[in-house]
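S.K.: Take this structure, written in structure tokens, and hold onto it; I'll ask about it next.
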Amino acid sequence: MGRSRRQNPPPAALILLDKPAGVGSTEALRLISKRHSQGPLGHSGTLDPAATGLLIVCCGFATRLVPWLQEGHKRYTARVRFGVATDTCDAVGQPVEEGPVPVDLAARVGQALPLFLGAIQQAPPAYSAVKLGGQRAHDLARQGLLSDDQLEPREVTIHALALLESGDAFVDLDITCSGGTYIRSLARDLGKAVGCPAHLETLRRTETGGFDVAQARPLETLLTASDLTPHLIAPGTIFPGWRRLACTRELAAKLASGAGEPLPDETPGELLLTLEGFGLDGVFALGRVEEGGMLRIWRLLDHGGHFLGLH
């Protein structure tokens, strides 16, 4: 009996998900995977279960692009509630401090916001995935062995910070920041700057990886769809300004093996390598032309170390 022909994998693609509240990022991917056969799935940055908004889901060997999707700025709208601080710095935690809300809250917040612009030192929340001595901070915090003031601050960048709306005990903020920024920590620290305990009440991610939440699909839409094809985005869209170089199958195989190809007439720099019939838009690798004109692959869009599509 002959060997069965190996099936081609699903195409490398992205799905822009508008994650609802009450579902964790990993759980959202599990639900999509259970409903549709898209190969391995990954995402571009965790959203807490209570948070909503844009989650970039990478399908198949597009999971190799996660590091690039995590780079760059992220944008959020956040509601900060004043009068109560919690152990998790958000609304799901237990109150640890209470205090009166100043009547001039909006004015105080307006004066404090410039303190958080630019490169700042920010201590992660105790309830976070930061590792200490091989253990997650949130595990230590649940055991009562860790508090916020025991975590080392790290540098993050707040690119833009604007007050959208205010009420008697809350403010809504529009935040553009670097990856690694904890909005929960920002809410906690804003409360300290204002002189009133505070926590993050709601959070919505509106931009990440160069995409906008307006482009995203609700989870329910993806779970009820009979076919995900209309919702798939080609991975080449992550690098819209990059040059494209069409490769023959022979050249693609050579480059995938780790060898270089002299291209003395090509300008040095990054480019997208394409192969007819490969994936959604033909992109099979990220390449770079080195000084001197040598073309090499520096990210192959495959999985398991096999260059799929050339057998």
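S.K.: Name the one entry in Leu251, Leu219 that is of a type in the set (A, V, I, L, M) and either over 19 Å from the mean Cα position of the chain (by Cα) or not assigned by TED's automatic domain parsing to the domain that holds Leu54 (or both).
M.R.: Leu251
S.K.: Out of Ile56, Ile120, Ile32, report the one residue that is assigned by TED's automatic domain parsing to the domain that holds Leu186 and in contact (Cβ under 8 Å) with a residue 12 or more places away in the chain. Spell out the reasoning first.
M.R.: On the way: Ile56 fails: assigned by TED's automatic domain parsing to the domain that holds Leu186; Ile32 fails: assigned by TED's automatic domain parsing to the domain that holds Leu186.
Sole residue among the options that is assigned by TED's automatic domain parsing to the domain that holds Leu186 and in contact (Cβ under 8 Å) with a residue 12 or more places away in the chain: Ile120.
S.K.: Which residue pairs have Cβ atoms closer than 6 Å, lie 6 or more positions apart in sequence or on different chains, and pair a first residue in the stretch 235-263 that is closer than 30 Å to Gln70 by Cα with a second residue that is among the charged types (D, E, K, R)?
M.R.: Sorted first by the residue in the stretch 235-263, then by its partner, the pairs are Gly236/Asp281; Trp242/Glu270; Gly260/Arg296.
S.K.: Let me ask you something else. Restricting to the stretch 286-311, and then to whatever is hydrophobic (A, V, I, L, M, F, W, C), at pLDDT 90 or above and surrounded by 19 or more Cβ atoms within 10 Å (Cβ to Cβ), can you tell me which residue is nearest to the chain's Cα centre (by Cα)?
M.R.: It comes out as Leu286.
S.K.: Have a look at Leu69, Leu14 and point out the one that is assigned to a strand (DSSP E or B) and touching a residue at least 60 places away in the same chain (Cβ under 8 Å). Walk me through it before giving the result.
M.R.: On the way: Leu69 fails: assigned to a strand (DSSP E or B).
The unique qualifying residue is Leu14.
S.K.: Inside the stretch 201-244, can you point out the residues that are crowded, with 17+ Cβ neighbours inside 10 Å and aliphatic (A, V, I, L, M)?
M.R.: The answer is Leu203, Val213, Ala216, Leu219, Leu222, Leu228, Leu232, Ile233, Ile238.
S.K.: I would also like to ask the following. Considering every residue within the stretch 264-276, establish whether at least one is part of a strand (DSSP E or B) and more than 26 Å from the chain's Cα centre (by Cα). Please lay out each step first, then the result.
M.R.: Quick first cut of the stretch 264-276, residues part of a strand (DSSP E or B) only: 269-274.
When the remaining residues are screened for being more than 26 Å from the chain's Cα centre (by Cα), the result is none.
So far as the stretch 264-276 goes, no, none of its residues is part of a strand (DSSP E or B) and more than 26 Å from the chain's Cα centre (by Cα).
S.K.: With the condition kept exactly as written, say whether any residue in the stretch 138-150 is closer than 28 Å to Thr206 by Cβ and modelled with pLDDT of 95 or more. Quick ask: steps written out before the conclusion?
M.R.: Keep residues of the stretch 138-150 that are closer than 28 Å to Thr206 by Cβ, which gives 138, 148.
Now drop any that are not modelled with pLDDT of 95 or more, which leaves none.
Checked the stretch 138-150: no residue is closer than 28 Å to Thr206 by Cβ and modelled with pLDDT of 95 or more.
S.K.: Scan the stretch 49-76 residue by residue and report those that are crowded, with 19+ Cβ neighbours inside 10 Å and within 21 Å of Tyr182 (Cβ to Cβ).
M.R.: Ala51, Thr52, Gly53, Leu54, Leu55, Ile56, Leu69, Lys74, Arg75, Tyr76
S.K.: Quickly run through the stretch 104-137 and pick out the residues that are over 17 Å from Ile175 (Cα atoms), of a type in the set (A, V, I, L, M, F, W, C) and modelled with pLDDT of 95 or more.
M.R.: Leu105, Ala107
S.K.: Filter the stretch 161-202 down to residues that are aliphatic (A, V, I, L, M) and under 19 Å from Ala123 (Cα atoms), then give me how many there are. Break it down stepwise before answering.
M.R.: Just the residues of the stretch 161-202 that are aliphatic (A, V, I, L, M), to begin with: 161-164, 169, 171, 173, 175, 183, 186-187, 190, 193-194, 198, 200.
Subset that is under 19 Å from Ala123 (Cα atoms): 161, 175, 183, 186-187, 190, 193-194, 198, 200.
Residues meeting the conditions: 10.
The values are calculated or read from the model by the stated rules, or taken from the named source; none is laboratory data. Small disclaimer: the values here were computed from a predicted structure and weren't measured. Quick reminder, even Gly has a Cβ in these numbers, built from the backbone with ideal geometry, and neighbours come from all protein chains shown.
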